[in-house]
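In what follows, a structure is listed as structure tokens, so that the remarks can point back to it.
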Amino acid sequence: MRGTKRFRLARPIAAALGAVLLVGGLAACGNSDTGGDGGDDGKLVLGFSQVGAESGWRTANTTSVKEAAAAAGIELKFDDAQQKQENQIKAIRNFIQQKVDVIAFSPVVESGWDTVLKEARDADIPVILTDRAVDSADKTLYKTFLGSDFVKEGRLSGVWLIEHKKDATGDVNIVELQGTTGSAPANDRKKGFAEAIAADPKLKIVASQSGDFTRAGGKQVMEQFLKANPKIDVLFAHNDDMGLGALEAITAAGKVPGKDITIITIDAVRDGMQALADGKFNFIAECSPLLGPQLMDLAKKVHAGETVPPRIETEETTFTQEQAKEALPNRKY
Ligand code: AHR
């Protein structure tokens, strides 16, 4: 083009600049444990984008994935998205650039994945959704979903509450601590619980807000709930961690958790089970984080071009206080 000067960088400078750009690009993408092209030793390479480290459940899930990859002889490229969708999208694009064999990820929220999933499909890299689903209408964008039935977890919590409060007279005021806004577990657990308690008109949700699945969030939102609502009979927390944070707020407000306020949570991680066994929680619907071995099995299958079921659900149970006392000594996470 006329008037445009063309520059040519000396080769060593261009190489150094290229290296800086590459490192910068990878660093921009959350916390990656490994980088660069892998698989030279013939191992299957799995790129895994984790939501973050927001809860005890998440920590147990990360451990399960890392241990299972090592046991299965799979090279894992692990990325922690720190609860941000943009980090997950960058991580997936990096995995595509690195030509990994399979991509798995646990989507922080349900919407907004179509573009990057199309990029993975165009690059011929199969994608596995683990733990959380996406709301894409095009089901060919991923091979399978591995995880829990979150609606069922919410429903089981509501069904237990109906029985627990069957003899109560007058309104039963419920506050709800939701998980991360827009995430599949927050949407589905809310839905399942609301559908179940609709069977008993005295059960009323008087406040519902996100605590982002963290202890700090649970504590802070519960403090607000306690200030704004003079009579709270039940707390339904979408995970143990928010319930544990809420315990601090409830105790500080001079109330006895598990007695003055009935507490229902989801997950059944060790700290939650301890609170249940101690009588501070009343009921937990289990959500298993131990997805690693099944994920590795699926990664091998989709890489080999085998057809896998479109949805694989984890087997889960529920716990009362007595059941928690029994199960706690053998709880693995
Ligand atoms: O997606 C699973 C949920 O995410 C767990 O219930 C919660 O603890 C986590 O943060």
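For the stretch 57-73, a residue qualifies if it is open to solvent by 30 Å² or more (accessible area, probe 1.4 Å) and within 13 Å of the ligand (Cβ to nearest atom), and exactly one does: THR59.
So which residues in the stretch 190-216 are hydrophobic (A, V, I, L, M, F, W, C), open to solvent by 50 Å² or more (accessible area, probe 1.4 Å) and part of a helix (DSSP H, G or I), if there are any at all? Write out each step before concluding.
Of all residues in the stretch 190-216, those hydrophobic (A, V, I, L, M, F, W, C) come to 193-194, 196-199, 203, 205-207, 213, 216.
Narrowing further to those that are open to solvent by 50 Å² or more (accessible area, probe 1.4 Å): 198-199, 205-206, 216.
Correct list: ALA216 only.
Every residue in the stretch 286-308 that is within 16 Å of the ligand (Cβ to nearest atom), in contact with a strand residue (DSSP E or B) (Cβ under 8 Å, 6 or more places away or on another chain) and in a helix (DSSP H, G or I), please. Answer for the stretch 286-308, where residues must be within 16 Å of the ligand (Cβ to nearest atom), in contact with a strand residue (DSSP E or B) (Cβ under 8 Å, 6 or more places away or on another chain) and in a helix (DSSP H, G or I): GLN294, LEU295. In the stretch 231-266, the qualifying residues are those that are polar (S, T, N, Q) and under 20 Å from ILE205 (Cβ atoms), and the one that is farthest from the ligand (Cβ to nearest atom) is THR262.
Given the structure, is HIS238 at pLDDT 95 or above and surrounded by 24 or more Cβ atoms within 10 Å (Cβ to Cβ)? Let's see the steps before the verdict.
Values: at pLDDT 95 or above: yes; surrounded by 24 or more Cβ atoms within 10 Å (Cβ to Cβ): yes.
For HIS238, the condition - at pLDDT 95 or above and surrounded by 24 or more Cβ atoms within 10 Å (Cβ to Cβ) - is met.
Of all the numbered requirements in (1) under 25 Å from LYS190 (Cα atoms); (2) within 16 Å of the ligand (Cβ to nearest atom); (3) in contact (Cβ under 8 Å) with a residue 40 or more places away in the chain; (4) surrounded by 14 or more Cβ atoms within 10 Å (Cβ to Cβ), GLY279 misses one, and that requirement is (2).
One residue stands out in the stretch 83-106 among those that are among the polar types (S, T, N, Q) and not in a helix (DSSP H, G or I): the one that is nearest to the chain's Cα centre (by Cα), namely SER106.
Which one of SER183, SER208 is within 22 Å of the chain's Cα centre (by Cα) and away from the ligand (no atom under 16 Å from the Cβ)? Step through it out loud before you land on a result.
Numbers: SER183 fails: away from the ligand (no atom under 16 Å from the Cβ).
Unique residue meeting the criteria: SER208.
Restricting attention to the stretch 288-313, the residues that are in contact (Cβ under 8 Å) with a residue 24 or more places away in the chain and over 21 Å from PHE78 (Cβ atoms) add up to 6. Tell me, which residue of the stretch 186-205 that is within 16 Å of the ligand (Cβ to nearest atom) and of a type outside the set (A, V, I, L, M, F, W, C) is nearest to ALA285 (Cα to Cα)? Ranking the candidates gives ARG189 first. The residue of the stretch 117-163 that is farthest from the ligand (Cβ to nearest atom), among those that are within 21 Å of HIS303 (Cβ to Cβ), outside any loop (DSSP other than H, G, I, E, B) and out of contact with any Leu (no Cβ under 9 Å at 6 or more places or on another chain), is ASP122.
Does GLY272 satisfy the criteria of being within 16 Å of the ligand (Cβ to nearest atom) and among the small types (Gly, Ala, Ser)? When the stated conditions are applied, GLY272 passes them.
The values are calculated or read from the model by the stated rules, or taken from the named source; none is laboratory data. Just so it is clear, the model here is predicted, and its values are computed rather than measured. Quick reminder, even Gly has a Cβ in these numbers, built from the backbone with ideal geometry, and neighbours come from all protein chains shown. The protein model used for the area step is the full one, side chains on, heavy atoms only, and it has no ligands, DNA or RNA in it. Shrake-Rupley method; radii C 1.70, N 1.55, O 1.52, S 1.80 Å.
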